Amino acid sequence: MDFLFNLVNGLSLGSIYAIIALGYTMVYGIAKMLNFAHGDVIMVGAYISFCAFQYWGLPPLPSVLAAMIFCTVLGVFIERLAYRPLRSATSLAVLITAIGMSYLLQNVALLIFKSDPKNYPGQIIDLPGLSLFGGQLKISGVTLLTIIANIVIMILLTLFINRTKLGKAMRCVSEDRGAAELMGISVNRTISVTFAIGSALAAIAGVLLCSAYPIFDPYTGSMPGIKAFTAAVFGGIGSIPGAMVGGLLLGVIEILGRAYISTQLADAIVFAVLIIVLLVKPSGLLGKQVREKV
Amino acid sequence: MKAKKKKLIYNSVTFGLVIAAFLICQLLLSTGGMSRSFRGQLIPICCWIVMAVSLNLVVGISGELSLGHAGFMSIGAFTGIIVSGWMQRAFQMEDPVLRLVLAMVIGAVLAGIAGALIGIPVLRLKGDYLAIVTLAFGEIIRNLIDCLYVSVDGQSLRFGFLNNKLPGDLLMNGPNGAVSVQTIATFTAGFVLVIIALIIVLNLTNSRSGRAIQAIRDARIAAESVGINVTKYRMMAFVTSAMLAGAAGALYGLNFSTLVAAKFRFDQSINVLVFVVLGGIGNTMGSMIAATALTILPETLRDFGQYRMLAYAVVLILVMLATNNPLARAFFGRIFAPVKALFRRKKPAEPDLKGGDAK
Amino acid sequence: MSKKTHNIIVRVALLLVLVLVACLISSCGQKKEEPAATEAPKAEDVITLKIAHIGPLTGPAAVYGNATSNGGQIAADEINAAGGKYRIEYKTYDDTHDAEIALNCYNKAMDDGAQMIVGTTTTSPCIAVSAQAAKDRTFMLTPSASSTEVTKDKDNMYQICFTDPAQGTASAEYIAQNGLPTKVAVIYNNADAYSTGIYQTFVDKAKELNLEVVSETTFQDNTKDFTVQVNDAKAAGAELVFLPIYYGPASMILQTAAQIDYKPVWFGVDGMDGILDIEGFDKSLAEGVLLLTPFSADAKDEKTQNFVATYQKNYNAIPNQFAADAYDAVYALVAAAEKAGITSDMKAADCCDKLIAAMQEIKVEGVTGTMSWSANGEVTKTPTAVVIKDGKYVGFNN
């Protein structure tokens, strides 16, 4: 029973990591850049939906939509302003710009929303939970929704990338930017669309993250962002199912490690497992083994 | 021949810049012309310079992305603090210079050992996987140090893990970090460390091994096929870099009367990476200048009040755009053209600054 | 080759320009400050005290630094508005909860001619700064750095808040003496000096007083999920859970416990204050929470009510104990300065010993109680136990 309880909690934490990792991996797979500002877009999404619900009096679903629209615009705007001018620069230069962007978002949020933590309203996602074994084991509505959202998003993303024209363009850009351009694909437009989708996913992740763990402040996004990046690498970065599997596993390992080994060393345990897995499978759990060409 | 000459010039300019900066600082210090606020930053600046130069060896010269450099710094820092405190309390070694040197050497050695232990399995990984493993390592170290208690009891050191009931004088107190540290770091020591780091890094880069390391970076398979031992040379760069970070950590740790493990979280590693990239990947002189500039910058922005860190982020983004966008670079190139012309007039023997591949 | 050289030259030149601009800005900033320093003491009998406050205004600990900054500012404004003998120049320096930056702040404050320091807000930076200040002879009064390491071996360092061991001991004694359940669980933050400090003394004292500690679990700064910790306490049958932590994680723990129908007695310390003022927090979850705190925003006395009203007006929030401690710190400094006969033109080093002597003699009535100080810098005041009833603090014993 105890084990099941912990497993369920691990899955609910993991599903949150997974949903963030999906956005991360999407942007990474296509634009080939680590978007360190992704975690902070999540934080922005949480604040916008909070404001929409609490201050502007919107009902739950429109609040979430408002956050998604705002984050989409923000993501495209960031890409246009800070990342596109560096298209020909090294990937590290873009990485540092993304870090600068992350600081920028945090500090703007700090100025607007102040440093006091806020409690995310539970009414935004107010779903009945699942009760098993005569009430001994409860799975909250947020967890169920997060897991469903994960699966739906995963399937939609896979279909989108494999079946649509735009998806095909994305795969092209990911494979070889120069060749894509020669084939008449607008690389800039494709990457903009990628950022738009990634940021909309970040808004959803923000809503789910804060519904599950309601206390949030301007720095809320940074650690889940890093954990999700870890999860994405764990599952094989660039692989969409990998991101989900990686996220879920990371959550389960974290909770089980805390429950059965030590609460003091929770972080160390998670990262140690990660290192071991990567040593055995150097390209992540579901990552493709890329053969090097000479 | 020309390439060699150019390297010589680059190296002498680098050393010259450091020595000149040191002399100017000393002059200002002795005449009292330096504000207190700036004086207090001198030693940290030296530490961050060494961190940047050593990370540049991994990121720029060897071409690996490491996000755990602060982890090596923290090993060096806490080792240095323990060594210095132990020597003073158990063996009455009062000479600060001797203790500082000992702390830095042992800190460097332990960080180097950690670098080797991590490097052996990890250097098989590439790119982002290496990045995430180094990041993970940095976080593990931080978590472990938060649980570590160390005390001096008579002549021996006592270690406690999650156990604060130790006999004797506490040197490390769990999440309180290192406490009651005697601050023995000096600016001169910092300068010497920077010079040593420069000598090691520049010599390594320009040596046979350095060329092998760069060959592996540019074309690993090609390098392997001409018989270069890839693992050996990657390790060489990684461990050297870890040792320098350890020494810098020891100096840093002994500059403050307290130090907590949280100081060396991944954001600190990323900060050092920012120095390296901003200074130009692979460019040692650039790393130094960027480390200095970005350490001073947040302090100079104090007049912005609550907008300080916002201004810092904006400056960071703008500088990255200005130095990496081709259009912006061409624009600045034109602005600085007269400066370069000035150089050319003074040294007419160097016509190779003009276009064309002068090889 | 040449293009690369060109790139390097452009890059280095750009960076050098950046350094130059940075230096220019900083030197301008300093020049502007200086005339203000000499200008200040114009009126004959008005004494201007230059107080520097150091605390984190940005970064993950920003919430505490902003509270102390605001609380101190209100005290300074009140004193200036009252038009008495003293005028306060109060300026906050942002240390981002980092020892290196905190020392930079301190040096900058000294450059700006500060006479005394309120700060620093958080423990680790405070230890670093107070060691330097002890060497320079600068007087410091921290509103909230509660570790004993802060004052250890330093005569220039005083605290407004209780020390961590004092809180741990007092909590254990309170639980034992007031007939509260004796099967106790502790959840604390093992990456935080404050939390670990209270935990260690609490457990020692609890053993002495025959309290049975059945579950000890921890979390770290970025922990989001508290199910394991809460479930451990529940499974061990703890009837009282001691939370020596800040209100942010505490509110998460309360919500987690509600989800698994766990209803022990919750017992907090002064860091718990503020839990009722989290925007959007369901106050009914905190029903029955006991906490030992020197300050509660609901107190009926006029001083507290004025302070809370002004704070709400200026900052649109209810002050927590950090703000209250800083508010008291400024008043305490003025009281000590009056006793010591500090004048506008005294340097920090001249003030220090006089303030140290004065601190031990004065008695200050503030919003966190009536305070006096011993020679080791620790404060003596009485914490009161309050219980949360209907979303408000109520005295526990009456």
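Only the coordinates and a few stated rules stand behind these numbers; no lab work does. As the structure is a computational prediction, the values presented were derived from the model and not from experiment. Methodologically, a virtual Cβ is constructed for each residue, glycine included, from the backbone with ideal geometry; neighbour enumeration extends over all protein chains shown.
The region of chain A that goes longest without hitting one of the trypsin sites (Lys or Arg not before Pro) in a DSSP loop, each with at most 16 other Cβ atoms within 10 Å, is A:88-287. Angle check, please: helix C:348-359 long axis (alpha carbons) against the longest principal axis of chain C (alpha carbons), in degrees 0 to 90, nearest 10. Helix C:348-359 sits roughly 30 degrees off the main axis of chain C.
Based on the reciprocal of the average 1/r between different C-alpha atoms, the Kirkwood radius for segment B:1-69 equals 14.5 Å.
Simple spin-label estimate for B:Lys7 and C:Lys392 gives 7.9 nm between the two label positions (7 Å along the Cα-to-Cβ direction from each Cα).
Comparing B:Ile141, B:Ile221, B:Ile106 in a Gaussian network model of chain B, where Cα atoms under 10 Å apart are tied by springs, the biggest mean-square fluctuation is seen for B:Ile221. Peptide C:53-59 has a mean of 4 when you count, residue by residue, the C-beta atoms of other protein chains within 10 Å of its C-beta. Residue-wise HN-Hα couplings along segment A:236-252, as the Karplus relation 6.51 cos²θ - 1.76 cosθ + 1.60 with θ = phi - 60° gives them from phi, are x, 5, x, 8, 5, x, x, 4, 5, 4, x, x, 4, 5, 4, x, 5 Hz; Gly and Pro carry x.
Shape class of segment C:65-158 from the alpha-carbon gyration tensor: prolate, with a/c at 1.5 or above and a/b greater than b/c. The largest-to-smallest principal axis extents of the Cα set in segment A:184-294 are 56, 41, 20 Å. Only Cα pairs under 8 Å and 6+ residues apart enter the sum, and on that basis the relative contact order of chain A stands at 36 percent. The shape of segment C:253-361 comes out prolate: with a ≥ b ≥ c from the C-alpha gyration tensor, a/c is at least 1.5 and a/b beats b/c.
Among B:Ser84, B:Ser30, B:Ser74, determine the one that fluctuates most according to a GNM of chain B built with springs between C-alpha atoms less than 10 Å apart. The residue with the greatest mean-square fluctuation here is B:Ser30. The protein assembly as shown gives an Rg/Rh value of 0.96, both radii derived from C-alpha positions and Rh following Kirkwood. The mean sequence separation of alpha-carbon pairs under 8 Å and at least six residues apart, normalised by the residue count of chain B, gives a relative contact order of 28 percent. Cβ-to-Cβ counts within 10 Å put C:Phe307, B:Phe72 in ascending order as C:Phe307, B:Phe72, the fewest first. Database remark: amide H of C:Phe139 closer than 5 angstrom to the amide H of C:Ile117, C:Cys352 (H placed geometrically; neighbours at sequence offset of 5 or more, or on other chains; Pro and chain starts carry no H). Within the listed set B:Val101, B:Val122, B:Val314, the Gaussian network model of chain B (springs between alpha-carbon atoms below 10 Å) gives the highest mean-square fluctuation for B:Val314. Looking at segment C:165-293 alone, DSSP beta bridges between its own residues are antiparallel in about 0 percent of cases. Relative contact order of segment C:148-251, taken over Cα pairs closer than 8 Å and 6 or more residues apart, is 31 percent. The orientation-averaged projected area of the convex hull spanned by the Cα atoms of chain A comes to 16.8 nm².
Of all stretches in chain A that contain no chymotrypsin sites (Phe, Trp or Tyr not before Pro) in a DSSP loop with at most 16 other Cβ atoms within 10 Å, the longest one is A:134-294.
Note that segment B:143-281 shows a convex hull volume over its alpha carbon atoms of 158 Å³ per residue.
Our Cα-only numbers for segment A:119-180 put the radius of gyration and Dmax at 19.1, 60 Å.
Peptide C:187-194 is shielded by partner chain Cβ atoms: per residue, an average of 6 of them sit within 10 Å of its Cβ.
What separates the Cα centres of segment A:37-66 and segment B:21-69 is a distance of 42 Å.
Computing FRET efficiency as 1/(1 + (r/R0)^6) for C:Lys347 and B:Ile24, where r is the C-beta to C-beta distance and R0 is 35 Å, gives about 0.80.
Relative to the longest principal axis of the Cα atoms of chain B, the long axis of helix B:284-300 makes an angle of roughly 60 degrees. In the protein assembly as shown, the DSSP beta bridges split such that about 45 percent are antiparallel, to the nearest 5.
Per-residue 3J(HN,Hα) values for segment A:263-272, derived from phi via the Karplus relation 6.51 cos²θ - 1.76 cosθ + 1.60 with θ = phi - 60°, read 6, 5, 9, 3, 4, 4, 5, 4, 6, 5 Hz in sequence order (x marks Gly and Pro). The spacing between segment B:307-330 and segment C:344-398, judged by their C-alpha centroids, is 47 Å.
Taking every pair of alpha-carbon atoms in chain B, give the share separated by more than 39 Å as a whole percent. In whole percent, the share of Cα-Cα pairs in chain B beyond 39 Å is 19. Computed over segment B:26-119, the percent of Cα pairs more than 15 Å apart is 70. Histogrammed with a bin width of 10 Å, the alpha carbon distances of chain C distribute as 5, 22, 30, 22, 12, 7, 3, 0, 0 percent, first bin at zero.
Exposed loop sites here are GluC sites (Glu not before Pro) assigned a DSSP state other than H, G, I, E or B and surrounded by at most 12 other beta carbons within 10 Å; excluding them, the longest clear run of chain C is C:45-360.
The rule of thumb for compact globular proteins, 2.2 N^0.38 Å, goes into the C-alpha radius of gyration of segment C:208-248 1.27 times. Segment C:Lys339..C:Glu212, full-extension length gain: 40.9 nm, with 0.36 nm per residue of separation and the alpha-carbon distance subtracted.
In a DSSP loop and with at most 10 other Cβ atoms within 10 Å, the trypsin sites (Lys or Arg not before Pro) in segment C:281-310 are C:Lys300. Tell me whether segment C:165-293 comes out rounded, prolate or oblate; compute the Cα gyration tensor, take square roots of the eigenvalues as a ≥ b ≥ c, and use a/c under 1.5 as the rounded threshold. It is rounded, given that a/c, with a ≥ b ≥ c, falls under 1.5. Here r is the Cβ-Cβ distance between A:Thr158 and A:Arg87 and R0 is 25 Å; the resulting FRET efficiency, rounded to 0.05, is 0.40. Between the Cα long axis of helix C:193-208 and the first principal axis of chain C there is an angle of about 40°, rounded to the nearest 10. Computed over segment C:159-217, the convex hull of the alpha-carbon atoms projects to a mean area of 4.1 nm².
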